[in-house]
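See below for the structure under consideration.
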Amino acid sequence: MSTTPIKEPTFRESVDLMYNRAVALMDLPPGLEEKIRVCNATYTVRFGVRLRGQIQTFVGYRSVHSEHMEPVKGGIRFATAVNQDEVEALAALMTYKCALVEAPFGGSKGGLCVDPRQYDDHEMEMITRRFAYELIKRDLINPSQNVPAPDMGTGEREMAWIADQFGRMNTTDINAKACVTGKPLNGGGIAGRVEATGRGVQYALREFFRSDEDKAAAGLTGSLDGKRIIVQGLGNVGYHAAKFLREEDGATITGIIERDGALFSETGLDVEAVRNWIVQNGGVKGFPDATYVADGGKVLEEDCDILVPAALEGVINLENADRIKTKLIIEAANGPVTAGADDILRAKGIVIIPDMYANAGGVTVSYFEWVKNLSHIRFGRMQRRQEEARHQLVVNELERLDAVLGDKWNLDPKFKEKFLPGADELELVRSGLDDTMRVAYQSMREVWHGRSDVTDLRTAAYIVAIDRVAKSYRAKGL
Ligand code: GLU
């Protein structure tokens, strides 16, 4: 082991380095390059909450990276390691992510330094509401200006508290529910938001695997079926991605890395069983039918086809990048590969599907939720039965044909079952997400293969995103 720690840039510097790499290949008007790169504003709040008989002070942030479109969008993270640099890096990634998937938002991110496991439900509610209050009164949570969502350490529960807090402070705002996304279904949420980021990872991989040329760039062939996948982090994103890839695409999850170590199995891990084990035992240790590796980070370096970092930023860095053996990395987390590691991996020929695209499923479905809240109607409510009635007409005709043709031709009962129902909200959300992921992939791919000076998907993604942000600034007259 080396004794001198390797100096890495900070997360925000790392994002800037990747940005710089892309703008160097673009032809932006002087000054605009800088304008897009910088974070517009970061608000720091320190507030006290009376807990267990004494006042505890908390530090939180909401950073707005770019307001070329409003509202700005991005999650709120609850973790002890939250800091300004991190929140600003994540806000910048939100700008590029939204531009890439054509979600009409600017980029923002929030964070609160807190370990949610140290507090009970009631305490967390008081802390969350107080943080929300501080942001709401400064319009840093607002349906038309700034719309947060879940991120690490937050979920439907926190979003419901935030929405309720906003409603209490804006009693006459008919669009109050659109102040935050990722709410529970019965609190103004949308079907499919919880699974959305993981689902987006699956759709991204499917789209990648549709192209022989792209697979060849990573040294892969065939379909996702049987591909060996290692997942880091079995939180909301990692769990859903691994579950869908295993159950619906036939992939083999050979490794799962968690906080307390990793599980490894050449024949594949049952994601659902591992998840249940973690819920019951607080970690992966002791899970039967798999090899337990105490130094979980080492499993990142195991041989596999696809590596899915779905936990923290900076986990693939200058220290371990050289030892990474996978063929393809899909960044389900934000910023899992540092700028330096990115150079090393690229030189090794590893293909990286970048975070701003790979995990954009979350914000895409957040966009649908926001639209649903503003339109005050569930998706599919007007069309579903009408669609069914029209399908019934076709089925009636086919049944008539079936009767006439006798044994020569029979209507497949499975076809009828599948074809008849009109689309419900979940189906529409998945369809919208699938379309978004496919279209965005193609826009990156065009630049990746279409320009000789672009050799990787990340640079291509930045170029597409920056170009769109630049066009929007220009249209505004800036
Ligand atoms: N926190 C998620 C992200 O990093 C979702 C953001 C959103 O839905 O606004 O993309």
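A Cβ distance below 9 Å, combined with a sequence gap of six or more or placement on separate chains, defines the contacts here; from segment 242-267, residues that are on the phi > 0 side of the Ramachandran plot reach residues that are among the aliphatic types (A, V, I, L, M) in the pairs Gly250/Leu224; Gly261/Val284; Gly261/Val293; Gly261/Ala294; Gly261/Val299. The residue that is farthest from the ligand (Cβ to nearest atom), among those in segment 102-113 that are closer than 19 Å to Gly60 by Cβ and either charged (D, E, K, R) or surrounded by fewer than 24 Cβ atoms within 10 Å (Cβ to Cβ) (or both), is Cys113.
Considering segment 221-268 alone, what residues qualify as being farther than 14 Å from Val308 by Cβ and part of a strand (DSSP E or B)?
Gly261, Leu263, Phe264
On inspection, Gly297 qualifies as part of a helix (DSSP H, G or I) and of a type in the set (Gly, Ala, Ser). With respect to Asp139, determine if the residue is farther than 23 Å from Glu427 by Cα, acidic (Asp, Glu) and either surrounded by fewer than 20 Cβ atoms within 10 Å (Cβ to Cβ) or more than 21 Å from the chain's Cα centre (by Cα) (or both). Against the criterion (farther than 23 Å from Glu427 by Cα, acidic (Asp, Glu) and either surrounded by fewer than 20 Cβ atoms within 10 Å (Cβ to Cβ) or more than 21 Å from the chain's Cα centre (by Cα) (or both)), Asp139 qualifies. Taking segment 334-375, which residues are in a loop (DSSP other than H, G, I, E, B) and in contact (Cβ under 8 Å) with a residue 60 or more places away in the chain? Scanning segment 334-375 gives Asn334, Gly335, Pro336, Thr338, Gly349, Ile350, Pro354, Asn359, Ala360. Here His65 fulfils each of the conditions (1) under 21 Å from Thr197 (Cβ atoms); (2) in contact (Cβ under 8 Å) with a residue 60 or more places away in the chain apart from (2). Scanning segment 56-101 for residues that are of a type in the set (Gly, Ala, Ser) and within 18 Å of Gln145 (Cα to Cα), we see that the one that is nearest to the ligand (Cβ to nearest atom) is Gly75.
Given the condition more than 16 Å from the ligand (Cβ to nearest atom), within 17 Å of Gly110 (Cβ to Cβ) and either surrounded by 14 or more Cβ atoms within 10 Å (Cβ to Cβ) or among the hydrophobic types (A, V, I, L, M, F, W, C) (or both), answer yes or no: does some residue in segment 19-40 qualify? Yes, there is a match, as at least one residue in segment 19-40 is more than 16 Å from the ligand (Cβ to nearest atom), within 17 Å of Gly110 (Cβ to Cβ) and either surrounded by 14 or more Cβ atoms within 10 Å (Cβ to Cβ) or among the hydrophobic types (A, V, I, L, M, F, W, C) (or both).
Specify the residue that is farthest from the chain's Cα centre (by Cα); the eligible residues are those in segment 216-269 that are hydroxyl-bearing (Ser, Thr, Tyr) and closer than 24 Å to Trp448 by Cβ. Within segment 216-269, the match that is farthest from the chain's Cα centre (by Cα) is Thr221. Looking across segment 351-380, the residues that are among the aliphatic types (A, V, I, L, M) and either surrounded by fewer than 24 Cβ atoms within 10 Å (Cβ to Cβ) or more than 14 Å from Leu185 (Cα to Cα) (or both) come down to Val351, Ile352, Ile353, Met356, Ala358, Ala360, Val363, Val371, Leu374, Ile377.
Check every one of the helices (runs of 4 or more DSSP H) wholly within segment 114-215 and list those with 2 or more residues that are more than 16 Å from the ligand (Cβ to nearest atom) and within 24 Å of Glu70 (Cβ to Cβ).
121-136, 156-169
Go through the residues of segment 88-98 one by one and say whether even a single one is under 20 Å from the mean Cα position of the chain (by Cα) and among the acidic types (Asp, Glu). Checking segment 88-98: at least one residue is under 20 Å from the mean Cα position of the chain (by Cα) and among the acidic types (Asp, Glu). Exactly one residue among Arg52, Arg62 is under 27 Å from the mean Cα position of the chain (by Cα) and not small (Gly, Ala, Ser), and that residue is Arg62.
Output the residues belonging to segment 369-383 that are hydrophobic (A, V, I, L, M, F, W, C) and touching a helix residue (DSSP H, G or I) at 6+ places or on another chain (Cβ under 6 Å). Passing the criteria: Trp370, Leu374, Phe379.
Read-outs throughout are calculated quantities, based only on the coordinates presented, and are distinct from any laboratory measurement. The model shown is predicted, which means the values in this text are computed figures rather than measured ones. Heads up, the Cβs are rebuilt from the backbone with ideal geometry, glycines too, and the neighbour counts pull from every protein chain shown.
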